[in-house]
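The values are calculated or read from the model by the stated rules, or taken from the named source; none is laboratory data. Here the structure is a predicted model, which means the values were calculated and not measured. Here the Cβ positions follow ideal geometry from the backbone for every residue, glycine too, while neighbour counts run over all protein chains shown.
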Amino acid sequence: MATVSTPVAFRAVARTEFDEAGDWYEARRPGSGASFAAAVQVVLDRIAAQPDFYAVAEGDIREAPVRGYPYCVYYREEPGQIIVLAVFHTSRNPAIWRSRA
């Protein structure tokens, strides 16, 4: 039986955060940017397959930690899709991602 997957879309600011984090890791050690991207992809795949798997962070926004990295993916489920609001370093002020709700 095939797994049903919900499409995942990034807000522009979340895509920029994701890309910049990958670039940061890659600049420090070649190959580590791809490792970061792969770890985030594991989270995105889980979100797409099971949107309610991760804990609610606030309101209708869920928080998915990225294994091995100090990042979380913040997202909300909307009709027919998942919207990624932030790919956020956990040491940053959470008011930043909350302002995107």
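Can you find a residue in the range 58-77 that is touching a residue at least 24 places away in the same chain (Cβ under 8 Å), loosely packed, with under 11 Cβ neighbours inside 10 Å and under 23 Å from Arg100 (Cα atoms)?
Taking every residue of the range 58-77 in turn, at least one turns out to be touching a residue at least 24 places away in the same chain (Cβ under 8 Å), loosely packed, with under 11 Cβ neighbours inside 10 Å and under 23 Å from Arg100 (Cα atoms).
When you scan the range 52-65, do you find a residue that is on the phi < 0 side of the Ramachandran plot and assigned to a helix (DSSP H, G or I), even just one?
no
Does Phe36 meet the test of being within 18 Å of Asn93 (Cα to Cα) and hydrophobic (A, V, I, L, M, F, W, C)? Spell out the reasoning first.
Details: within 18 Å of Asn93 (Cα to Cα): no; hydrophobic (A, V, I, L, M, F, W, C): yes.
So Phe36 does not fit the description; no.
Taking the condition of being farther than 16 Å from Gly80 by Cα and surrounded by fewer than 13 Cβ atoms within 10 Å (Cβ to Cβ), how many residues in the range 48-57 meet it?
3
Do the conditions hold for Ala27, that is, is it surrounded by fewer than 13 Cβ atoms within 10 Å (Cβ to Cβ) and either part of a strand (DSSP E or B) or modelled with pLDDT of 95 or more (or both)? I'd like the intermediate steps shown before the answer.
Details: surrounded by fewer than 13 Cβ atoms within 10 Å (Cβ to Cβ): yes; either part of a strand (DSSP E or B) or modelled with pLDDT of 95 or more (or both): yes.
Spelling it out, Ala27 is indeed surrounded by fewer than 13 Cβ atoms within 10 Å (Cβ to Cβ) and either part of a strand (DSSP E or B) or modelled with pLDDT of 95 or more (or both).
Consider Ile82 carefully, then state whether it is assigned to a helix (DSSP H, G or I) and either within 19 Å of Arg11 (Cα to Cα) or free of Cβ contacts under 8 Å to residues at least 40 places away in the same chain (or both).
no
Checking Thr6 against (1) under 15 Å from the mean Cα position of the chain (by Cα); (2) at pLDDT 95 or above; (3) not hydrophobic (A, V, I, L, M, F, W, C), which single condition isn't satisfied?
(2)
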